[in-house]
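Encoded as structure tokens, the structure appears first; notes follow it.
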């Protein structure tokens, strides 16, 4: 158990809908990262927040957005969902920002778009 | 970040050492080698990292060649629970992890 929690574990929805994935980092960790894992793209970095501010952006679609709240939990919002958005979404956290922080991953949310 | 090359799959007998190779011939002097693994569809798990020297922790050992162009992750006594996809990642001064395709290690009884 990494100490990172994600809800829900599974999510099934229809194309065109909007969903919100939630992540609670390990106690005291200030950085939160979001990754997407699909069958054809593998594990890809989406976005990082550090202490409430966006710090780094990866291949995140414009239909996706994220935020980190004052209590440090984070939400990833996915809108206008398409079949190709079906994937595992992982959240990770680390104590600080910077390259040499070990990232601790949560169990993931499996999103299925029908 | 430097690219890495790993064999797509490997087998190992339970109780034997599993040696997972990784090539990173374009690595720069300030880039670290990190290893993560992913068991089934669980979240990736950090294993170990190193810069130049060999490293050992409770999970594994990391051997980095003197020219730093390749490394080997060693699981000294593999168990069935070590069956997973192992990712070798070279990191520079960026926060994100760039995952390749990894090596699928199958430990058999």
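Just so you know, all these numbers are worked out from the coordinates, no wet-lab data involved. The model shown is predicted, which means the values in this text are computed figures rather than measured ones. When we count neighbours, we look across all protein chains shown, and the Cβ atoms used for this are built from the backbone with ideal geometry, even at glycine.
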Shape category assigned to chain B from the gyration tensor of Cα positions, a/c cut at 1.5: prolate
GNM result for chain B, Cα springs below 10 Å: residue of B:77, B:40, B:24 fluctuating most strongly: B:40
Calculated FRET value between residue B:30 and residue B:72, using beta carbons and R₀ = 25 Å, to 0.05: 0.70
Chain B: most fluctuating residue of B:46, B:36, B:87 per GNM, C-alpha cutoff 10 Å: B:46
Rg [Å, one decimal], Dmax [Å, integer] - the protein assembly as shown, C-alpha atoms: 17.7, 53
Inter-centroid distance (Cα atoms) of the range A:22-36 relative to the range B:43-58, Å: 21 Å
Cα-only Debye scattering, the range A:65-114: base-10 log of I(q)/I(0) at q = 0.14, 0.23, 0.28 Å⁻¹: -0.47, -0.99, -1.15
Top of A:12, A:47, A:60 by mean-square fluctuation, Gaussian network on chain A, Cα under 10 Å: A:12
Relative contact order (%) - chain B, alpha-carbon pairs under 8 angstrom, separation at least six: 37 percent
Whole-number percent relative contact order across chain A, with pairs defined as alpha carbons under 8 Å at least 6 apart: 37 percent
In nm, spacing of pseudo-spin labels at residue A:5 and residue A:79 (7 Å Cα→C-beta vector): 2.8 nm
FRET E, pair residue B:11, residue B:51, Förster distance 41 Å, beta-carbon r, rounded to 0.05: 0.85
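Shielding by partners for A:39-47, please: the mean number of other protein chain Cβ atoms within 10 Å of each residue's Cβ.
Values: counts 0, 0, 0, 7, 11, 4, 6, 1, 1.
Mean shielding count: 3.
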Neighbour-count ranking [beta-carbon atoms within 10 angstrom, fewest first] of B:95, A:1: A:1, B:95
Net length gained if the chain between residue A:63 and residue A:38 were fully extended (0.36 nm per residue, minus Cα distance): 7.3 nm
Whether chain A is rounded, prolate or oblate, judged on the alpha carbon gyration tensor where a/c under 1.5 counts as rounded: prolate
